[in-house]
Every structure is written in structure tokens, then in C-alpha cells.
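Student: Just dropping this structure here.
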Amino acid sequence: MHWQSALRRFLIPSLLLLALVKLYPLGLSVYLSFFDYYLPEPERRAFIGFGNYGALLSDGRFWASFANTLIIAAAALALEFAVGLAVALGLYRLPVGAARVLTVLIFLPNIVTPVVAGLFLRWMFASQWGLIAMSFALLGIPPVDWLGNPAWAKVTIALADSWQQIPFVVLVLYAGLQALDRDTIEAAVIDGASGWKLLWYVILPALRPVILFVLTIRIMDLFRLFDAIYVLTGGGPGTATETLTFYTYRLAFQFLEIGKGSALGVLTMLVITMASSSGSTGLATCIWKPAFKARIRSSARP
Amino acid sequence: MAHRVKLATSAIRATALAGLVWMSVPAAEAQVVLKVLSNRYPATEFYVKAMEEAIPGVKVEVTFMPVDKVLEQSRLALSQGSDAYDIVYVNDGIQQLYAKNGWLEPLDPLWAKYRAEYKLDDFPEALLEKYRHQQRLYAIPFNANTMLFFYRADLFKEKGLQPPRTFDEYMKAAQALNTSSMAGTAISLKPVDAAQNEVHWYLNAFGAQWFDDGWKPAFHSAAGVRAIEAMKAMTKYAPQGFTSHANDETTVNLQQGLVAMGIMWNTRAKPMDDPTKSKVVGKMDWIAPPGGGTKMALDGYAISRFTKKDKDLAFRVLLIASDEHRMRQAAALAVPVRKSVLGDPELAKQNRFYPGLLAALNVAKPLPPLPEFSQVGEIVTRHVTEAVTGKVEVKPALDAAAKEVEALLAKRGYYK
């Protein structure tokens with residue numbers, strides 16, 4: 001035990017670094033959120049208590065950005081989970097060798113830097129001469145204003161993020177599938193379960209921890225989504241794709257309202273904490289709670 | 001295990017000691033490196049290269065960014081008193097804020113010192129005035145930019161149309177030239193810079209103003225409402241996605257023949273005749289924008305007050321890069337500001353767009369010299385976009401923008 005307690009000393013540099021890069025900025029941000037602080041005029045910084053929070057919560061633009069965040073996050077999360085699960089299940093059914101090769105190829109979008117991805121997606125989504133617009137034109141499909149229409153701009157952001165993050169979802173779910181107890185699945189097959197029933201009553205409940213993990217991570221990331229919005233739409237058209245994070249960026253870096261930006265950052269952090277802890281559990285429960293009830297009912301039948 | 005812990009601890013101590021020894025060894029003598037933050041377009045790329053070649057032994061490291069990102073980056077760095085950049089791009093608008101906050105080095109002593117050697121009287125006083133704050137000079141102008149009216153002369157001739165001088169003529173021409181494969185006119189409403197340029201033109205062309213003499217918003221006047229109503233009407237002839245179009249998208253649209261006309265910076269005129277990029281070589285022509293009043297910007301470079309480098313050296317690099325010879329070479333890329341170059345009749349012969357450019361310069365108007373104008377621009381363009389896309393009626397949108405702008409300026413102490 002003596003050597004184990006000695007090892008704790010090796011944690012000190014990491015803890016110090018963590019405190020420096022995580023805790024100090026967080027603490028400073030919380031501290032500054034109580035001040036009216038316009039960066040070019042530091043001498044006029046004044047303590048206003050919860051004034052920034054009150055101003056934000058009574059600001060229509062805050063609620064609009066909150067709504068935009070929810071809409072984009074919900075759309076992207078649904079798409080990423082549905083497609084990610086479908087692809088993971090497909091890979092699960094393939095021979096190991098083929099699955100490994102495909103996994104590498106599928107994962108490629110995830111290793112592209114988000115800003116780089118955003119830049120070429122911007123040219124793909126450009127109206128009239130973008131790759132997607134030209135492809136639609138060749139198929140006789142009426143063109144879509146991907147970046148200029150407020151509704152379609154939200155869809156475009158969700159699609160852009162999904163393109164990059166579905167591989168991550170695939171990877172995690174596929175790893176979870178590979179770790180499943182094959183005996184349980186075989187027993188269910190012998191009992192007559194197949195296809196949809198096998199998935200709903202056996203596989204998904206068994207994947208619960210992995211699903212929880214991937215949903216939590218994606219919810220946190222989606223609420224902090226910035227790169228795709230910055231490159232593709234700049235928060236526009238108007239404020240159609242201005243999310244909480246983007247509004248924070250505008251306040252702090254464009255308007256130099258450091259106090260208000262910090263307050264919005266703290267509010268965003270609280271929202272993300274609540275959303276990721278309750279949202280992922282609730283979602284995961286919705287998937288298999290009905291499945292569990294059905295299983296209990298069917299096993300209770302004589 | 002205890003032995004392994006001791007070995008690991010010893011290894012860490014040895015590494016740390018080696019690092020300390022390495023850091024204490026004096027570095028080899030380094031050449032002077034000036035860090036430049038600049039907006040990117042062909043003229044600035046040319047001038048930054050000229051800075052790199054200006055003085056032997058002086059290296060220039062440049063960070064190029066789009067204009068709104070440059071301004072954001074420089075604001076952040078300078079507001080913190082950082083020496084991250086020695087020379088920063090400024091325009092006549094943002095220079096006001098930077099000079100007011102004491103972020104830029106006053107250049108008057110150096111200007112007087114090198115006046116004769118670098119022929120600094122060749123810079124028009126009217127332009128230098130744009131870079132003064134409380135009578136002190138803070139930047140060197142490199143080029144003047146304005147927005148010209150680009151139009152497809154071949155299509156106008158085909159349809160028997162005259163180049164539009166008024167807004168009514170502009171609208172009729174856009175309607176006549178609008179087809180399923182080509183939009184009648186370009187409109188760039190991407191937030192914030194592009195949208196601000198369009199709004200500035202429309203307001204001026206309809207006789208509206210941004211502010212009154214007391215810095216109270218005036219853009220929501222009857223003239224301002226007419227201006228934005230006209231913009232809303234013109235969007236019928238704009239290409240799809242115009243709310244996400246900025247300089248690059250509109251330039252591509254013009255080059256590819258996807259729009260028949262529109263306003264764009266003079267720096268984008270020459271590329272219209274570039275056969276490697278343009279499908280409309282020799283077909284584009286230029287005039288002053290209908291109604292006049294497009295944005296005029298004076299681009300230049302200033303020296304950060306927080307630089308630790310020799311400011312005299314940095315100043316000389318800027319002067320050499322902007323000498324008459326180099327400005328003459330860059331004249332095809334942007335409007336030179338030295339009198340000896342701008343007045344050269346040979347330039348008009350070499351560059352087709354020069355007559356249109358000079359006409360546009362005569363009627364161009366700078367943005368209001370308000371240090372907080374970038375925030376004002378964001379507020380106004382946000383509401384204008386909502387009005388133009390039909391989300392809100394024009395008058396209520398402009399009134400809401402005026403209320404927000406007035407609250408902002410009141411907070412900044414503009415109203416006593």
C-alpha cells in the first residue's frame with residue numbers, strides 16, 4: 001500500500017494542469033458574469049450582481065437561440081442515432097474482416113477537422129452551383145435554398161453535423177454490439193425472436209449502457225455546436241441558426257460584452273448539464289421501458 | 001514495486017533538470033520578425049509580400065483572415081495589450097475605435113522624420129484625415145476601396161437597355177434580365193459585413209441617413225423605410241440563397257454568368273476578365289451604382305502600441321511597401337492612394353474598370369465614424385434581413401433596430 005500512496009504524488013501535475021485550464025477559466029467566467037464589463041473600457045467595469053442573468057432571461061433573442069439549439073440538437077441527435085444504430089447493426093451482421101475495413105472507411109468523416117469539413121460542405125450546399133444543387137437539378141428536383149432559407153438552414157446544420165458525427169455513433173454502438181453476450185441472443189433466437197423483436201426486446205436493452213453513453217456525449221456536443229454554424233451560416237440567415245453557443249460568441253467576441261457573454265456561458269453550461277443528465281436517461285428509458293414491460297408480460301403468460 | 005516507483009521518480013527528476021539546462025542555454029541570435037494581421041484580398045496579399053521584401057534581415061509573418069475575423073482578432077489582441085501582432089490591418093471605420101482606446105501607435109513623429117525620404121506629401125491630406133483621431137495620425141492608407149456597379153454590357157445591349165443610373169431603371173433592368181437560369185441582380189445579405197454594405201447603399205441611394213447629428217438613429221425614417229422596401233422588392237430578382245451570400249459567392253455568381261448585375265468591390269473587377277475563372281471575359285462593364293452612396297473604405301496598416309519590436313523599423317517597412325513604385329504595380333488590384341499614381345492616365349488605359357471606379361469613388365460614402373459601428377451594423381442588418389425575408393414588416397423591423405441601437409449608444413454614453 002505504501003507504493004500506492006506514493007503514486008498519488010504523480011497525480012499532482014495533472015491536477016494542477018486541470019485546475020489551470022479548466023477550473024480557473026470556469027471560475028473567472030462565473031466571476032465576470034456578475035459584472036457589467038465592456039472590454040474596450042475596463043476602467044468602467046461595475047459589479048451588477050445577477051443583472052446580466054436577468055437581462056438575458058428577459059431577452060427574446062436568448063430564448064430564440066435556446067429554441068434554435070433545441071431544434072438543431074433534436075434533429076441531429078435523432079438522425080445520428082437512427083442512422084448510427086442502423087449502420088452498426090449492419091456491420092454487426094458482416095464477417096469480422098469486412099466489418100473492420102468498412103469501419104475504417106465509415107470513420108473517415110469524423111477525423112476531418114470540423115472547420116475544414118464546414119468549408120467544403122459550404123461549397124456543396126451553395127445554392128445554384130453547389131454540388132448538391134447541381135445533382136438535384138440533374139434529377140429534376142427543384143432546388144433547395146440550403147443556407148439562405150431559415151428552416152432549411154437549420155436542416156443543413158443538422159445534416160452537416162450528422163455527416164461528421166454518425167461515424168462516432170457507429171463506432172461506439174458497434175463496439176457495444178460486439179461486447180454483447182452471444183448466448184443471450186442465441187437463446188432468444190431459439191425462443192423464436194427474430195428481426196424487429198430481437199432488436200427491440202433483446203439487443204437494445206442489452207445495449208443500454210452504451211446507448212446512454214453515446215446519447216450523453218452527443219447531447220453535450222450538440223448543445224455546444226459551433227464550428228459548422230460559424231462556417232456554414234454565420235448564425236444566419238438573420239438569427240435562424242444562432243444557437244446559445246453562437247450567441248455567446250457574438251456577445252463576447254464581436255460585441256466585447258464580456259460580462260453578459262460570461263453569464264450566457266454559465267447559463268449554457270447549466271442547460272447542457274441538465275439536458276445531458278436528464279435527456280439521455282429519459283431517451284434511453286423510452287427505448288427499452290416499453291420493451292421491458294412487454295417482456296415481463298410475455299414471460300408472465302402461461 | 002517500490003523500486004520501480006523510485007526509478008520513475010528519478011527519471012522524471014532527470015528530465016526536468018535537462019529541460020532547465022536546455023532553457024538556460026542562450027538561443028542563437030534571431031532575425032527580426034514582424035507579425036502582421038491582415039485582411040485577405042489580392043491587393044493586401046501584394047502589399048504584405050512587399051513588406052516581406054522591404055528590408056533585408058526583417059522577416060514578416062502574416063496571418064490572413066476575412067475582414068470581419070481580422071477585426072475580431074485584432075480587437076481581442078489589442079484590448080488585452082497583447083504583443084501578438086506588430087502591424088495590424090485597419091480601415092477608416094475601425095481605426096476610430098482603436099485610436100480612441102489607445103491601442104495604436106501615433107505616427108506623427110515618424111511621419112515628420114521620413115516625410116522627405118519617402119515622399120509622404122504624395123498621400124492626400126483628405127485621406128490621411130480619415131486616419132486621424134484628435135488630430136493625431138494612427139495608420140498609413142494603402143488603398144481605397146469602393147463598391148462598383150457590375151453589369152453585363154452584352155445582355156444590356158441585347159435587350160436594348162441603358163446602364164441604370166436610378167433605382168427605377170435598376171429595378172426595370174433586373175426584371176427584364178431575370179430568367180430561370182440567371183438572376184436579374186445579385187444581393188449579398190450574409191451577416192454582418194456583406195449585409196451592411198447592401199443596407200448602406202440602399203439607405204444612401206434613397207436619401208436616408210444612419211444617424212442624425214446627435215447620434216440618434218435615423219435609418220427608420222420614411223426614406224429609410226422606402227429604401228428597405230425597395231430592397232425587399234428587388235429580392236424577387238435575386239439568386240437563391242442571397243441571404244447567405246457575401247463577396248465570394250457574389251463574385252462567383254457574376255463570373256459564372258448566374259447574375260446579370262449587382263454591386264461588388266472594385267478589387268473583384270479584374271477577376272471578371274480572368275479566363276481561368278470567368279465565363280464573362282470582356283462582357284462585364286462598370287459604372288457608379290444607381291443612386292450612388294455605396295461604401296467607401298480606406299484600407300491601411302497601423303502599428304500596435306504594444307509591440308516590443310522597433311517601431312521605427314516597422315514604420316519603414318510600411319513606407320517601403322507603400323512607395324510609389326509598388327503602388328503603381330498594385331494599381332490593377334486596388335485603388336492606389338498616392339496622388340502621383342491615382343492621377344496617372346495610363347491606369348485607365350490598362351484597366352477597363354477604372355472609369356467606372358473613378359465615377360463610383362465620386363459618389364461613394366464612408367460608414368459613419370462611430371467606434372461602435374460594428375455592433376450597430378449587426379443590429380440593423382439582423383432586423384433588415386428579417387424584414388426583407390418577410391418575417392417582419394419593414395417599418396416595425398427598422399423601429400425595433402433603432403430602439404436597440406439607441407439603447408446601445410445610451411449605454412456607451414453618447415447621449416448626455
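The values are calculated or read from the model by the stated rules, or taken from the named source; none is laboratory data. Everything numeric here is computed off the predicted structure, so don't read it as measured data. Note that each Cβ is placed from the backbone with ideal geometry, even for glycine, and that neighbours are counted across all protein chains shown.
Student: Give the residue, chosen from B:T385, B:T389, that is of a type in the set (S, T, Y), buried (at least 23 other Cβ atoms within 10 Å of the Cβ) and within 14 Å of another protein chain (Cβ to nearest Cβ).
Tutor: Matching residue, one of B:T385, B:T389: B:T385.
Student: Continuing with this model, one more query. Could you check, for region A:212-235, whether at least one of its residues is buried (at least 21 other Cβ atoms within 10 Å of the Cβ), within 14 Å of chain B (Cβ to nearest Cβ), β-branched (V, I, T) and outside any helix (DSSP H, G or I)?
Tutor: yes
Student: Given the residues B:A176, B:A208, which is the only one that is assigned by TED's automatic domain parsing to the domain that holds B:I287, surrounded by fewer than 17 Cβ atoms within 10 Å (Cβ to Cβ) and modelled with pLDDT of 95 or more?
Tutor: Of the residues listed, the single one that is assigned by TED's automatic domain parsing to the domain that holds B:I287, surrounded by fewer than 17 Cβ atoms within 10 Å (Cβ to Cβ) and modelled with pLDDT of 95 or more is B:A176.
Student: Do you know which of the residues in region B:237-248 that are surrounded by 24 or more Cβ atoms within 10 Å (Cβ to Cβ) and under 19 Å from the mean Cα position of the chain (by Cα) is nearest to the other protein chains (Cβ to nearest Cβ)?
Tutor: Going through the qualifying residues, I end up with B:S244.
Student: Where residues in region B:368-382 are over 17 Å from B:N91 (Cα atoms) and more than 8 Å from chain A (Cβ to nearest Cβ), which of them is surrounded by the fewest Cβ atoms within 10 Å (Cβ to Cβ)?
Tutor: Applying the filter and picking the extreme gives B:I379.
Student: Take region B:184-203 and flag every residue that is without any contact (Cβ under 8 Å) to a residue 60 or more places away in the chain and either more than 14 Å from every other protein chain (Cβ to nearest Cβ) or small (G, A, S) (or both).
Tutor: Within region B:184-203, B:A194, B:Y202 meet the criteria.
Student: Within region B:352-367, can you find the residues that are out of contact with any Pro (no Cβ under 9 Å at 6 or more places or on another chain) and either modelled with pLDDT under 85 or under 24 Å from B:V90 (Cα atoms) (or both)?
Tutor: Of everything in region B:352-367, those that are out of contact with any Pro (no Cβ under 9 Å at 6 or more places or on another chain) and either modelled with pLDDT under 85 or under 24 Å from B:V90 (Cα atoms) (or both) turn out to be B:L357, B:L358, B:L361, B:N362, B:K365, B:P366, B:L367.
Student: Yes or no: A:A67 under 24 Å from the mean Cα position of the chain (by Cα) and either at positive phi or buried (at least 16 other Cβ atoms within 10 Å of the Cβ) (or both)?
Tutor: No, not satisfied.
Student: Do we find a residue being basic (K, R), at pLDDT 95 or above and out of contact with any Phe, Trp or Tyr (no Cβ under 7 Å at 6 or more places or on another chain) anywhere in region A:287-297?
Tutor: No.
Student: I need a count of the residues in region A:98-140 that are more than 18 Å from the chain's Cα centre (by Cα), free of Cβ contacts under 8 Å to residues at least 12 places away in the same chain and not in a helix (DSSP H, G or I).
Tutor: Number of matching residues: 3.
Student: What's the number of the only condition in (1) of a type in the set (D, E); (2) part of a helix (DSSP H, G or I); (3) closer than 30 Å to B:D168 by Cβ that B:E346 fails to meet?
Tutor: (3)
Student: Go through region B:231-265 residue by residue and tally those that are hydrophobic (A, V, I, L, M, F, W, C), in contact (Cβ under 8 Å) with a residue 40 or more places away in the chain, within 28 Å of B:L298 (Cα to Cα) and assigned to a helix (DSSP H, G or I).
Tutor: Summing the residues that are hydrophobic (A, V, I, L, M, F, W, C), in contact (Cβ under 8 Å) with a residue 40 or more places away in the chain, within 28 Å of B:L298 (Cα to Cα) and assigned to a helix (DSSP H, G or I) in region B:231-265 gives 3.
Student: State which residue is nearest to the other protein chains (Cβ to nearest Cβ) when the search covers only region B:69-94 and only residues that are among the polar types (S, T, N, Q), surrounded by fewer than 22 Cβ atoms within 10 Å (Cβ to Cβ) and assigned to a helix (DSSP H, G or I).
Tutor: Checked region B:69-94; the qualifying residue nearest to the other protein chains (Cβ to nearest Cβ) is B:S79.
Student: Taking the condition of being among the β-branched types (V, I, T) and closer than 16 Å to B:S221 by Cα, how many residues in region B:382-411 meet it?
Tutor: Adding up the residues that qualify gives 3.
Student: I would also like to ask the following. For region A:135-148, enumerate the residues that are more than 12 Å from chain B (Cβ to nearest Cβ) and of a type in the set (A, V, I, L, M).
Tutor: Matches in region A:135-148: A:L138, A:L139, A:I141.
Student: Count, please, the residues in region B:200-218 that happen to be of a type in the set (S, T, N, Q) and more than 16 Å from B:A402 (Cβ to Cβ).
Tutor: 1
Student: Give region B:132-179 a look and list any residue that's closer than 21 Å to B:K295 by Cβ and basic (K, R), or say none.
Tutor: Once the filter is applied, which keeps residues that are closer than 21 Å to B:K295 by Cβ and basic (K, R), region B:132-179 yields B:R132, B:R165.
Student: For region B:38-51, give me the residue count where each residue is surrounded by fewer than 17 Cβ atoms within 10 Å (Cβ to Cβ) and either under 18 Å from B:A314 (Cα atoms) or in contact with a Gly (Cβ under 8 Å, 6 or more places away or on another chain) (or both).
Tutor: Selection size over region B:38-51: 2.
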